[in-house]
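A short worksheet on the structure shown next.
The values are calculated or read from the model by the stated rules, or taken from the named source; none is laboratory data. Model, not experiment: these values are computed from the prediction. FYI the Cβ positions are ideal-geometry reconstructions off the backbone, even for glycines, and counts take in every protein chain you see.
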């Protein structure tokens, strides 16, 4: 069993929004068979606190505008080193590049299949 289509759609919208804000190493992990609280972890990183904040703002704006979804919970905004946006179906992790290397979520969740986010690189310019 894989993540539902609605979760995949949300992850793709969020992934494209992150790419539009020049996020790096954007990856979606299908954790639907590993945890019960969500279907997909979307992980992205930025080089500075300002960029992390811009990525988070871009993801929130896109999901509100395109899918009418607001995060159920938001954590880490004050420091902007690792911001978590919980949408229920997906959880978006935007990390400062240094923190991402240290915490290595991809390694922690290596048993989770990678989701094809279908990010359009042409839109990121």
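Residue-by-condition table, conditions (1) without any contact (Cβ under 8 Å) to a residue 60 or more places away in the chain; (2) over 17 Å from residue 89 (Cβ atoms):
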residue: 2; (1), (2): no, no
residue: 7; (1), (2): no, no
residue: 11; (1), (2): no, no
residue: 14; (1), (2): no, no
residue: 17; (1), (2): yes, no
residue: 38; (1), (2): yes, no
residue: 41; (1), (2): no, no
residue: 47; (1), (2): yes, yes
Selection from region 24-36 of residues surrounded by fewer than 17 Cβ atoms within 10 Å (Cβ to Cβ) and either touching a residue at least 12 places away in the same chain (Cβ under 8 Å) or within 9 Å of the chain's Cα centre (by Cα) (or both) yields 24, 25, 33, 34
Since residue 96 meets every condition but one in (1) surrounded by fewer than 12 Cβ atoms within 10 Å (Cβ to Cβ); (2) within 15 Å of the chain's Cα centre (by Cα); (3) over 21 Å from residue 6 (Cβ atoms), which condition does it not meet?
-> (1)
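For (1) without any contact (Cβ under 8 Å) to a residue 40 or more places away in the chain; (2) out of contact with any helix residue (DSSP H, G or I) (no Cβ under 7 Å at 6 or more places or on another chain); (3) not in a strand (DSSP E or B), each residue gets a yes or a no:
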| site | (1), (2), (3) |
| --- | --- |
| 80 | yes, no, yes |
| 84 | yes, yes, no |
| 93 | no, no, no |
| 100 | no, yes, yes |
| 107 | yes, yes, yes |
| 111 | no, yes, yes |
| 118 | no, no, yes |
Only one of these conditions is not met by residue 12: (1) over 21 Å from residue 99 (Cβ atoms); (2) within 12 Å of the chain's Cα centre (by Cα); (3) not in a helix (DSSP H, G or I). Which number is it?
-> (3)
Hits in region 29-56 (condition: within 14 Å of residue 84 (Cα to Cα) and in contact with a helix residue (DSSP H, G or I) (Cβ under 6 Å, 6 or more places away or on another chain)) | 40, 42, 43, 44, 45, 46, 55
Kindly establish whether residue 90 is at pLDDT below 95 and under 13 Å from the mean Cα position of the chain (by Cα).
-> no
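Limited to region 41-78, what total is found for residues that are assigned to a loop (DSSP other than H, G, I, E, B) and either at pLDDT below 95 or under 24 Å from residue 110 (Cβ atoms) (or both)? Give the steps one after another, and end with the answer.
The initial filter retains those residues of region 41-78 that are assigned to a loop (DSSP other than H, G, I, E, B), namely 47-48, 68-72, 76-78.
Among the residues that remain, those that are also either at pLDDT below 95 or under 24 Å from residue 110 (Cβ atoms) (or both) are: 76-78.
Summing the residues that are assigned to a loop (DSSP other than H, G, I, E, B) and either at pLDDT below 95 or under 24 Å from residue 110 (Cβ atoms) (or both) in region 41-78 gives 3.
Among 21, 65, which is crowded, with 19+ Cβ neighbours inside 10 Å and either more than 23 Å from residue 97 (Cβ to Cβ) or free of Cβ contacts under 8 Å to residues at least 60 places away in the same chain (or both)? Lay out the reasoning, then the answer.
Details: 65 fails: crowded, with 19+ Cβ neighbours inside 10 Å.
Only one candidate qualifies: 21.
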In region 47-62, the residues that are buried (at least 21 other Cβ atoms within 10 Å of the Cβ) and over 12 Å from the mean Cα position of the chain (by Cα) = none
